[in-house]
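Taking it in order: structure first as structure tokens, then the write-up.
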Amino acid sequence: MASPPITELTERARDIFRRVVEGYLDNGQPVGSKTLANDAGLNLSSASIRSVLAELEGLGLLAAPHTSAGRMPTDAGLRIFVDGMMRVAQPTAEEQAQIAARLSEGGPVEQALRETSALLSELSGAAGMVMVPPREQRLSQFSLVDLGEGRALAVLVGEDGGIENRVVDLGAGPMGSLEAASNYITSRLTGRTLSEASQVMRAEINTGQSQLDDASRNLVERGLAVWSEDAGQRPVLIVRGAANLLDEAAMEDIERVRSLLDDLENKQSVANLLESAGEAEATRIFIGSENRLFGLSGSSVIASPYRDAEGRVVGVLGVIGPTRLNYARVVPMVDLTAQSLGRSLDRTRAKRIS
């Protein structure tokens, strides 16, 4: 049965429903009729309150755990509360200052992503997640470093300061100049994606326009092959604060915890979920069973895209935690962090280019 819109509930039912949800989100415990009856703002008897609670349960908005006489919101109830009743609490001045300070430091993109993920975890008390979708970044430098025994380390540096390393098998053939090969690749790839640079270099090599000897050309081909294996295929996903999910309430249901941690290990699936949030104009909230990935573990995800100066989506960040997350506090916090990260990455990129 579909849950009714909040406007179809009586004012008394809305008031009791809101108090139950807010009480549950505050302490993670079901809220009973006696607790509500002691609330000075209601002026209702326990019998009247129980009658309304039963009505809300019948509508699928509340549930009564078998171990408790109280009620807690269902996923459908939480959705109605979040969409129609939640009073958003903007981040405090202290939280805003903390976000600004952590994201004002320069450095490689990976460092900014790690800082952001850890920051979200600290501020929310849950796990923070940051994702950069699969993409081909523009490059600034390529180096081949001799490791001996027929191997070299290929070092690729992006315009945004990101650095990745690969080990290249040089084989047993004649060794060309690693420096010559590195300089040749760098001169052709600066400002280009790897696929764009590869086309230029391979065309020069095939038509004999390059000044490299045969051995150095072989090194170039090997270096390009290593980077072309999965360029643009691998989303970068950073999760911090998973230990925050192992609170006292969670440990009472160890299977749910195990399911959640298993889900977090499946980074491609997590990336797919976050990628769907990247299509939204603003912060998205996935509650419990609404998403297949974390439905069994009874978890919620709050995610927001972050954008560059031109308004293009660069990636997605968010928080994952139990369905009793403090949505009113975490939603605007995620939104502000997304805006701050986008500006921070733009500043970093501008410094690299200038």
Between ARG192 and VAL167, what FRET efficiency comes out of the Förster formula 1/(1 + (r/R0)^6) with R0 = 41 Å and r the beta carbon distance, rounded to 0.05? 0.95
Can you tell me, using C-alpha contacts under 8 Å and at least 6 residues apart, the relative contact order of the stretch 269-346 as a whole percent? 29 percent
So for GLU196, GLU265, what's the accessible-area order with a 1.4 Å probe, most first? GLU265, GLU196
Stretchable slack from GLN209 to GLN29, in nm (0.36 nm times residue separation minus alpha-carbon distance): 57.5 nm
SER276 paired with ARG258, simple spin-label distance in nm, labels 7 Å along Cα-to-beta-carbon: 2.6 nm
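The values are calculated or read from the model by the stated rules, or taken from the named source; none is laboratory data. Please read all numbers here as calculations on a predicted model, not as lab measurements. For neighbour counting, all protein chains shown are included, and Cβ atoms are generated from backbone atoms with ideal geometry for every residue, glycine included. Areas reflect the complete protein model, heavy atoms only, side chains present, ligands, DNA and RNA absent. Shrake-Rupley method; radii C 1.70, N 1.55, O 1.52, S 1.80 Å.
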